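Participant: Below is a structure I'd like to ask you about.
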Amino acid sequence: MRIAIHHRECSFSDRWIAYCIKNSIDYKLVNCYESNIIHQIKDCEILMWHHSHVDYKDALFAKQLLYAVAQGGKKTFPDYNTCWHFDDKVGQKYLFEAIEAPCIPSYIFYNKKDAIDWVAKTNFPKVFKLRRGAGSANVKLVKTAKQALSLINRAFGKGFSQFDRIGYFQNRLNKYRSGKDNLIGVLKGIGRMILNTQFSKQFGYEKGYIYFQDYIPNNLFDIRVIVISGKAFAIKRMVRKDDFRASGSGNIVYEKEHFQVDTVKLAFELTDKIQSQCAAFDFIYDSSGKPMVVELSYGFTIEGYDPCVGYWDKSLQFHEGSFIPQDWMIESLL
Amino acid sequence: MKIAIHPRFNSFSDRWIAYCVNKKIDYKLVNCYASDIISQLEDCDALMWHHNHADYKDVLFAKQLLYAVAQRGKKTFPNFNTCWHFDDKVGQKYLFESINAPLVSSYIFYTKEEAYHWIENTNFPKVFKLRAGAGSQNVKLVSSSRQAKKLVKQAFGGGFTQFDRFGNLKERIRKYKEGKNPLMGVFKGIGRLFIPTEFAKMHCNEKGYIYFQDFIPNNLYDIRVVIISGKAFAAKRMVRKNDFRASGSGNTIYEKEQIPIEIIKIAFQLTDKIEAQCAAFDFIYDVNGNPMIVELSYGYAVSGPDQCEGYWDKMLNFHEGAFIPQNWMVESLL
């Protein structure tokens, strides 16, 4: 059994490689961006690639490469069930509705007229999202029909840049003010007002659709539960000050008592339905205290979860102590 | 068993509906563009949608919707194996290499530097293609490294529109001259020089990658074989005058004896490997007379096969007489 690993610094691959070395597992570093990648993995049974939603190259072909490798009879991480909906809130809307997950009602329109008709009949506030973007990028609270109509005009006109420069700067500024970022971060934010990211340069504008979610008030946090091969761990993310968005805020709480076991159970159930190898669900709670899924991702930042105090197994027993989730990813393939 | 069908005029759905009516199969028309499509499907066991690569809406979400519906346990046409690579030559490169199919050698680059490096070390002519586009759209013969470098610059600069306005006009003039299109078609082509298609308006330029295929000389035609549930039919498409492109030329031959049986056999084998419900392969011959695949699609013009003399079964027996391939698609879901 030989594993092909595409290495990217500060991604899961750091720990995959460490695990292989430690456990004497045969592995090989490959470069998925090269035209001959299929040839490179000829002598391997598994391909592992922590592809990223912020690299335009990955967004262009990572999923397709993984599907193709799987059709050749090899295992992949992530596999199809784990990643087809990655960084795609539109796909996730259909997925959650299809598997009857308790999700926040969401609305998608592919033409201007349908969207305008809906605005006339619905109430506000609503949450506007682009299908792509993590850490609350490309997410806005829409308070009025007028504001919604202006977004609709843009969605079916010029479109939206994937990189929201002003939002990015504000986020940097807020992090600096709350002591989570240094002045360099703010200067980077100013720089990004002028220089576009490589991603949005190569990807152009998002358009031709508009997506809204219901706004669920009074949520001061969200709960993220990550499930990997029958084990779950969780973090609580407090919303930004004077904001409704928790993802990417950097205010994280880890103690076990912050998590309802029902939410962990729900995450296990959903992962089974999706048949995912690795799924990070973001939950918020509706007015009756019921957990609702906001979105799903197979990827997550590595260090953000190291302070977790333990994990739950599928029978909801808690196992105290530190752990390395990337090891579970490899173990599930062996 | 109830089948949900998304109707689109002049697509497979015309015949799916006729078949259901004729055979008294329970069916229901649904609108995949509506935000509540998942609840429309609640009482159905299958979804059939002949989605189209030339409609910007379909490109935005058709595959994702079908994947989501399948995760609910419903059958879909097309299913994942049939359509993940649809209208995506980059995905197909990886797929064919992965299953060891005889693909015309293809090269993909995601950075300018790698593309330049390759150009310095290869020979010309090569064929340039965008990943999307049917009927030989977005396909160009590149006869020199200078021309290739120019394309690379554009790929990592402004990018390419998916709709080649001048190519479209040229093609319309050719078809008019050959008596395959009325004069009105030429005027439409002139109009399109000034008014972009809905697709081009809603879709960003293709960029961030460049794709080349080897040029295989002396092919005066290609052979298209379509496989659907263990049955195959085929046509020979002559290249355009003074051109190397066959797909979309409109010069098609349907006689059985024009089709080499070995190609039918290869197409059956590949469809088994891909596990596709419906696969149309385009073959040409290399200099040694070996059949090579150019590309793959699950969709094709509905009326084309009406002129075929019959079809082959998997034992390669020929069944003379007319047939309706869309009926096979419905039957395969029952």
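The values are calculated or read from the model by the stated rules, or taken from the named source; none is laboratory data. Keep in mind it's a predicted model, so treat the numbers as computed, not measured. Note: ideal-geometry Cβ built from the backbone for every residue, glycine included; neighbour counts use all protein chains shown.
Participant: Go through the range A:209-238 and give me each residue that's of a type outside the set (Val, Ile, Thr), part of a strand (DSSP E or B) and over 25 Å from A:Leu333 (Cβ atoms).
Facilitator: We begin by selecting, within the range A:209-238, every residue of a type outside the set (Val, Ile, Thr); these are A:209, A:211-215, A:217-222, A:224, A:229-234, A:236-238.
Restricting the remaining residues to those that are part of a strand (DSSP E or B) gives A:211-214, A:221-222, A:224, A:231-234, A:236-238.
Scanning the range A:209-238 gives A:Tyr211, A:Phe212, A:Gln213, A:Asp214, A:Phe221, A:Asp222, A:Lys236, A:Arg237, A:Met238.
Participant: B:Asn10 versus (1) of a type in the set (S, T, N, Q); (2) within 13 Å of another protein chain (Cβ to nearest Cβ); (3) surrounded by fewer than 16 Cβ atoms within 10 Å (Cβ to Cβ): which is the lone unmet condition?
Facilitator: The one condition B:Asn10 does not meet is (2).
Participant: Scan the strands (runs of 3 or more DSSP E) fully inside the range A:256-323 and keep the ones with 3 or more residues being of a type in the set (A, V, I, L, M, F, W, C).
Facilitator: Working: elements: A:278-285, A:291-297, A:310-313, A:318-320.
Filter on the range A:256-323 gives A:278-285, A:291-297.
Participant: When only residues in the range A:84-99 that are at the interface with chain B (Cβ under 8 Å from one of its Cβ atoms) and part of a loop (DSSP other than H, G, I, E, B) count, which is nearest to A:Phe61 (Cα to Cα)?
Facilitator: A:Trp84
Participant: Further question: Show the residue pairs meeting these rules: Cβ distance below 6 Å; 6+ apart or different chains; first residue within the range B:99-118 and within 11 Å of chain A (Cβ to nearest Cβ); second residue of a type in the set (Asp, Glu) and outside any helix (DSSP H, G or I).
Facilitator: Within 6 Å, the pairs are B:Ser105/B:Asp214.
Participant: So, in the range B:27-58, how many residues would count as being modelled with pLDDT under 95 and at the interface with chain A (Cβ under 8 Å from one of its Cβ atoms)?
Facilitator: Result for the range B:27-58: 2.
Participant: Follow-up. Looking at the range B:59-75, which of its residues are buried (at least 22 other Cβ atoms within 10 Å of the Cβ) and either more than 10 Å from chain A (Cβ to nearest Cβ) or charged (D, E, K, R) (or both)? Reasoning before the result, please.
Facilitator: The first filter runs over the range B:59-75 and keeps only residues buried (at least 22 other Cβ atoms within 10 Å of the Cβ), leaving B:61-62, B:65-69.
B:Ala62, the sole residue that qualifies.
Participant: Within the range A:30-50, take every residue that is in contact (Cβ under 8 Å) with a residue 40 or more places away in the chain and part of a loop (DSSP other than H, G, I, E, B) and give me the one that is surrounded by the fewest Cβ atoms within 10 Å (Cβ to Cβ).
Facilitator: Taking the range A:30-50 as the starting set, the residues that turn out to be in contact (Cβ under 8 Å) with a residue 40 or more places away in the chain are A:43-50.
Subset that is part of a loop (DSSP other than H, G, I, E, B): A:43-45, A:50.
Details: A:Asp43: 10, A:Cys44: 20, A:Glu45: 15, A:His50: 26.
Taking the candidates together, the pick is A:Asp43.
Participant: Would it be correct to say that B:Asp58 is part of a loop (DSSP other than H, G, I, E, B) and not assigned by TED's automatic domain parsing to the domain that holds B:Lys129?
Facilitator: Spelling it out, it is not the case that B:Asp58 is part of a loop (DSSP other than H, G, I, E, B) and not assigned by TED's automatic domain parsing to the domain that holds B:Lys129.
Participant: Which of the residues that make up the range A:51-83 are assigned to a strand (DSSP E or B) and either of a type in the set (D, E, K, R) or within 9 Å of chain B (Cβ to nearest Cβ) (or both)?
Facilitator: Listed by number, the list holds a single entry, A:Lys75.
Participant: List, please: which pairs have Cβ atoms under 8 Å, are six or more places apart or on different chains, and start with a residue in the range A:109-130 that is not assigned by TED's automatic domain parsing to the domain that holds A:Gln162 and surrounded by fewer than 17 Cβ atoms within 10 Å (Cβ to Cβ) and end with one that is in a strand (DSSP E or B) and modelled with pLDDT of 95 or more?
Facilitator: Close Cβ pairs (under 8 Å, with a partner that is in a strand (DSSP E or B) and modelled with pLDDT of 95 or more) do not exist here.
Participant: Name the residue, out of B:Val90, B:Val139, that is facing another protein chain (nearest Cβ under 10 Å), surrounded by 18 or more Cβ atoms within 10 Å (Cβ to Cβ), more than 30 Å from A:Glu100 (Cα to Cα) and within 15 Å of the chain's Cα centre (by Cα). Don't jump to the end; show me each part of the working.
Facilitator: On the way: B:Val139 fails: facing another protein chain (nearest Cβ under 10 Å).
Going through B:Val90, B:Val139 in turn, the sole match is B:Val90.
Residue-by-condition table, conditions (1) aliphatic (A, V, I, L, M); (2) modelled with pLDDT under 90; (3) surrounded by fewer than 20 Cβ atoms within 10 Å (Cβ to Cβ):
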| site | (1), (2), (3) |
| --- | --- |
| B:Ile223 | yes, no, no |
| B:Ile227 | yes, no, no |
| B:Lys231 | no, no, yes |
| B:Gly250 | no, yes, yes |
| B:Tyr254 | no, no, yes |
| B:Ile264 | yes, no, no |
| B:Ala276 | yes, no, no |
| B:Glu295 | no, no, no |
| B:Asp306 | no, yes, yes |
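Participant: Give the residues of the range B:175-184 that are part of a loop (DSSP other than H, G, I, E, B) and basic (Lys, Arg), sorted by residue number. Outline the logic, then answer.
Facilitator: Let us first name the residues in the range B:175-184 that are part of a loop (DSSP other than H, G, I, E, B), namely B:178-182.
Correct list: B:Lys180 only.
Participant: Still on this model: From B:Phe109, B:Phe96, grab the single residue that is under 26 Å from B:Gly289 (Cα atoms), aromatic (Phe, Trp, Tyr) and crowded, with 21+ Cβ neighbours inside 10 Å. Step through it out loud before you land on a result.
Facilitator: On the way: B:Phe109 fails: under 26 Å from B:Gly289 (Cα atoms).
None of the others qualify; the one that does is B:Phe96.
Here's the yes/no breakdown for (1) at pLDDT 95 or above; (2) on the phi > 0 side of the Ramachandran plot; (3) in a helix (DSSP H, G or I):
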| residue | (1), (2), (3) |
| --- | --- |
| A:Arg132 | no, no, no |
| A:Gln147 | yes, no, yes |
| A:Ile152 | yes, no, yes |
| A:Gly157 | no, no, no |
| A:Leu173 | no, no, yes |
| A:Val186 | no, no, yes |
| A:Gly189 | no, no, yes |
| A:Lys201 | no, no, yes |
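Participant: Could you say which residue among A:Tyr298, A:Tyr285 is outside the structural domain of A:Leu130 (by TED's automatic domain parsing) and over 26 Å from A:Tyr215 (Cβ atoms)?
Facilitator: Details: A:Tyr285 fails: over 26 Å from A:Tyr215 (Cβ atoms).
Within the list A:Tyr298, A:Tyr285, the selection yields A:Tyr298.
Participant: When the range A:203-245 is examined, which residues are found to be within 14 Å of chain B (Cβ to nearest Cβ) and touching a Lys or Arg at 6+ places or on another chain (Cβ under 6 Å)?
Facilitator: Here is the first cut: in the range A:203-245, the ones within 14 Å of chain B (Cβ to nearest Cβ) are A:203-214.
Scanning the range A:203-245 gives A:Tyr211, A:Phe212.
Participant: Right, something else. Of the residues A:Ile21, A:Ile5, A:Ile116, A:Ile108, which single one is of a type in the set (Val, Ile, Thr) and within 13 Å of another protein chain (Cβ to nearest Cβ)? Walk me through it before giving the result.
Facilitator: Working: A:Ile21 fails: within 13 Å of another protein chain (Cβ to nearest Cβ); A:Ile5 fails: within 13 Å of another protein chain (Cβ to nearest Cβ); A:Ile116 fails: within 13 Å of another protein chain (Cβ to nearest Cβ).
The match here is A:Ile108.
Participant: Six or more apart or on different chains, Cβ under 8 Å: which pairs go from a residue in the range B:296-319 that's within 27 Å of B:Ala54 (Cβ to Cβ) to one that's hydroxyl-bearing (Ser, Thr, Tyr)? Could you list them?
Facilitator: That search, which allows pairs on different chains as well, returns B:Tyr298/B:Thr82; B:Val302/B:Ser11; B:Gly304/B:Thr252; B:Gln307/B:Thr252; B:Gln307/B:Tyr254; B:Cys308/B:Tyr254.
Participant: Sort out which residues of the range A:282-299 are touching a residue at least 24 places away in the same chain (Cβ under 8 Å) and out of contact with any strand residue (DSSP E or B) (no Cβ under 8 Å at 6 or more places or on another chain), and write them in order of number. Give the derivation first.
Facilitator: Filtering the range A:282-299 for residues touching a residue at least 24 places away in the same chain (Cβ under 8 Å) gives A:282-287, A:290-299.
Result: A:Ser287, A:Lys290.
Participant: I've got another one for you. Could we say that A:His319 is over 24 Å from A:His53 (Cα atoms), surrounded by fewer than 17 Cβ atoms within 10 Å (Cβ to Cβ) and in contact with a Phe, Trp or Tyr (Cβ under 8 Å, 6 or more places away or on another chain) here?
Facilitator: Values: over 24 Å from A:His53 (Cα atoms): yes; surrounded by fewer than 17 Cβ atoms within 10 Å (Cβ to Cβ): yes; in contact with a Phe, Trp or Tyr (Cβ under 8 Å, 6 or more places away or on another chain): yes.
Considered against the rule, which asks whether it is over 24 Å from A:His53 (Cα atoms), surrounded by fewer than 17 Cβ atoms within 10 Å (Cβ to Cβ) and in contact with a Phe, Trp or Tyr (Cβ under 8 Å, 6 or more places away or on another chain), A:His319 comes out as yes.
Participant: Output the number of residues of the range B:20-55 satisfying the condition of being touching a strand residue (DSSP E or B) at 6+ places or on another chain (Cβ under 9 Å) and in a helix (DSSP H, G or I).
Facilitator: Count: 4.
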